[in-house]
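Encoded as structure tokens, the structure appears first; notes follow it.
Here, each number is a calculation from the coordinates, and none is a lab measurement. Small disclaimer: the values here were computed from a predicted structure and weren't measured. No Cβ is skipped: glycine too gets one built from the backbone with ideal geometry, and neighbour counts run over all protein chains shown.
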Amino acid sequence: SDIGSQKERVVTEEEWLQKWEMGNIGFHKEQRHPLLQKYLDVLLNGRSGLRIFFPLCGKAVEMKWLADMGHTVVGVEVSEQAVKGFFSDHSLPYCEEPVPEISGAKMFQSTSGNISLYCCSIYDLSSSVVGKFDGVWDRGALVAVNPCDRQRYASLMINLVEKNSSYLLVTVSYDPNKHKGPPFYVPESEIKSLFG
Ligand code: SAH
């Protein structure tokens, strides 16, 4: 499980903002992820009206899909352009408010109230601000986290979920010496040690 040269690689928040500004967002997909459709039953586990968290959400179309099913969706994304892009892509009216606990953060909420997107770094969140979640859709999130921040990310995620929660994680498998990432290669052994 050698992640090679990726261990040292850092992508700054500024670089992510630039990707959005330049339209360099090949990670964004217009179609729902086939693995979410395939494993939706695992995520829901027969339950309805869940609180579902999208870490590093971008403008993932699956947020609208799950909200339309009656779930409450919460996302976090550092790019305000991405957050506003989500609401405009789906023609959803929203309101914008500051987050008193997090300096500089804003929360964008659909007028219907079932989609709330925090515009700040995920590392600024805690369960005292966003509560706990019944489900997580982690696609392009753990694999986008800088390798040096993985432990911190995983500890935070463990803190943000309820005891009886389901966590769907998508990773990518490839030779980490051939691509610099992101997405980074996260070996299965590391996922086990991060999440237990
Ligand atoms: N999960 C989304 C986006 C994946 S790309 C999807 O499936 O389409 C990773 C996203 O994380 C980018 O939009 C980037 O702007 C955002 N991001 C990177 N670091 C972040 C951080 N520390 N906190 C919140 N968002 C972050």
Axial C-alpha extent at least 18 Å, average Kyte-Doolittle at least -1.0 - helices from the chain (DSSP): none
Binned Cα-Cα distances of segment 1-141, short to long, each 5 Å bin given as a whole percent: 2, 9, 19, 22, 20, 15, 8, 4, 1, 0
Relative contact order (percent, whole number), segment 68-186, Cα cutoff 8 Å, 6+ residue spacing: 22 percent
Total charge dipole magnitude, segment 88-190, about the Cα centre, Cβ charges on Lys, Arg, Asp, Glu only, Debye to nearest 20: 200 debye
Net charge contributed by nearby residues that have their C-beta within less than 12 Å of residue 106 (K/R +1, D/E -1): -4
Selection from 120, 98, 182, by position along the positive dipole direction of segment 97-196 (Cβ): 182
Anchor residue 180: aspartates and glutamates whose Cα lies under 13 Å away (excluding residues fewer than 8 positions away in-chain): 8
Cβ-defined net charge surrounding residue 62, 10 Å radius [Lys, Arg +1; Asp, Glu -1]: +4
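Test of understanding: express the Cα radius of gyration of segment 17-97 as a ratio to 2.2 N^0.38 Å, with N the residue count.
Here the Cα radius of gyration is 1.14 times the empirical estimate.
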Net charge of neighbours whose Cβ lies under 14 Å from the Cβ of residue 53, counting Lys and Arg as +1 and Asp and Glu as -1: -2
Per-pair calculated FRET efficiency, R0 = 35 Å: residue 81 and residue 169 via Cβ, rounded to 0.05: 0.85
Net dipole in debye of the chain [+1 Lys, Arg Cβ; -1 Asp, Glu Cβ; about Cα centre; nearest 20]: 420 debye
Scattering curve values for segment 111-188, log₁₀ I(q)/I(0), Debye with Cα scatterers, q = 0.16, 0.21, 0.26 Å⁻¹: -0.69, -1.07, -1.39
